[in-house]
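Q: Next up is a structure, given as structure tokens.
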Amino acid sequence: MEKCQTCFKIAEDTYVAPALLPLEDAVAGQIASLWQGAEAKAEVKLNYAFLHEGVLRALLCGIGSQAGVQAVYWRYGVCFYDQKAAGVVRIHSELPDPSGQGGGWISVETTGANAAALARSLVASIERINIGAKPEVVWRDEAPAGREVEPAEPFAALQPGPQPLALSEPRPVYVSYAWGGESERLVDALEGRLADRGYVLRRDKRELRPGHWISEFEREIARADRVIVVLSSKYLKSIYCMQELVHLHAQVLGDRARFHGKVIAIPLDEVNITDPCDRLDCTLYWQGEHERLEVQLAKVKMAQVGDQTRLRLWAMDDIQKKADTILGWIADVLMPRGAASLDAAIERLQS
């Protein structure tokens, strides 16, 4: 499917199909957080006699294979920070009118001191997509001089990555936890202590607003540099919490060292994950939930099953396959319990 450019890989066992992406409105907040109200330093529009949807799929697959979870995607557009050019890219598009009269366009906006070179490189890559007639390229200002050295593959010169913080901006730390009880009290205490050290704690209870998708916060957690995970019995049986944990595992491509560099886990006293049998209790729980849903699905026609139910089934399958591995990695890191766990977490965060 990757070769056919119907999907692209953003993390281990995680693929995105451009045709199934949400509309721009659903990710407007994520785009705004990357664009930060900036004015485009370079802007160019590629006008097509007939813009084939395959061009847009190829564009998103080409950029997505480089950017992974570091970009925000929608149908059909993308926004990301390029570390090499030190600027943000925002790409919009419009398919031909449904009446069949042709047309369609792609717009590229870039920011930063190297905006022109970045836009020029993107246009060169888009023009190499050999589907239909070549577009007319119209620059907002005078076309920038020079020509980029084209890599072997389109978009290969891009270096998407995390956007650097402003000097005065508090360093964000995300926290994954199950609401209520001891977990909530621990996170409240942690938030105050981190604020004194120049960090800001991002938590779903505050970041989510009415109408936001839970999965949007899951993706934000996966993109974060450091994430604190508060493990409780409730956490291990929460589909949303466990999805966050699996997303973190996928984002580091299943690499144990990178996982430990990104994730700081605080197990509560009620959780025992040092014994393999206890870890497998979690696996067996999600195996049971997966089988229970499969039994129900077998009673109905596939046409009666909505997208969210299918996604839930796939998520449970992912969790049952990876829970023991992830919990085993967490168990290998010595962390004190109780109040001392906060000191240990903050020490690891600052190391």
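The values are calculated or read from the model by the stated rules, or taken from the named source; none is laboratory data. Keep in mind that this is a model prediction, so the values were computed, not measured. FYI the Cβ positions are ideal-geometry reconstructions off the backbone, even for glycines, and counts take in every protein chain you see.
Q: Could you tell me which numbered condition LEU349 fails, if it satisfies all but one of (1) among the hydrophobic types (A, V, I, L, M, F, W, C); (2) surrounded by fewer than 17 Cβ atoms within 10 Å (Cβ to Cβ); (3) more than 22 Å from the chain's Cα centre (by Cα)?
A: Going through the list (1) among the hydrophobic types (A, V, I, L, M, F, W, C); (2) surrounded by fewer than 17 Cβ atoms within 10 Å (Cβ to Cβ); (3) more than 22 Å from the chain's Cα centre (by Cα), LEU349 breaks only (3).
Q: Out of (1) over 15 Å from THR325 (Cα atoms); (2) modelled with pLDDT of 90 or more; (3) out of contact with any helix residue (DSSP H, G or I) (no Cβ under 6 Å at 6 or more places or on another chain), what's the single condition that is false for ILE264?
A: The failed condition is (3).
Q: Shifting gears a bit: From the set of residues in segment 5-22 that are of a type in the set (Val, Ile, Thr) and outside any loop (DSSP other than H, G, I, E, B), which is nearest to ASP307 (Cα to Cα)?
A: VAL16
Results for (1) touching a helix residue (DSSP H, G or I) at 6+ places or on another chain (Cβ under 7 Å); (2) of a type outside the set (A, V, I, L, M, F, W, C); (3) modelled with pLDDT under 85; (4) surrounded by fewer than 19 Cβ atoms within 10 Å (Cβ to Cβ), shown as yes or no for each residue.
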| site | (1), (2), (3), (4) |
| --- | --- |
| GLU12 | yes, yes, yes, yes |
| GLY29 | no, yes, yes, yes |
| ALA32 | no, no, no, yes |
| TYR48 | no, yes, no, no |
| HIS52 | no, yes, no, yes |
| ALA58 | no, no, no, no |
| TRP74 | yes, no, no, no |
| PHE80 | yes, no, no, no |
| LYS84 | no, yes, no, yes |
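Q: How many of the residues in segment 332-351 are in a helix (DSSP H, G or I) and out of contact with any Lys or Arg (no Cβ under 8 Å at 6 or more places or on another chain)?
A: So the answer is 7.
Q: Within segment 302-321, is there a residue that is within 16 Å of VAL229 (Cβ to Cβ) and either part of a helix (DSSP H, G or I) or assigned by TED's automatic domain parsing to the domain that holds ALA265 (or both)?
A: Yes: one or more hits.
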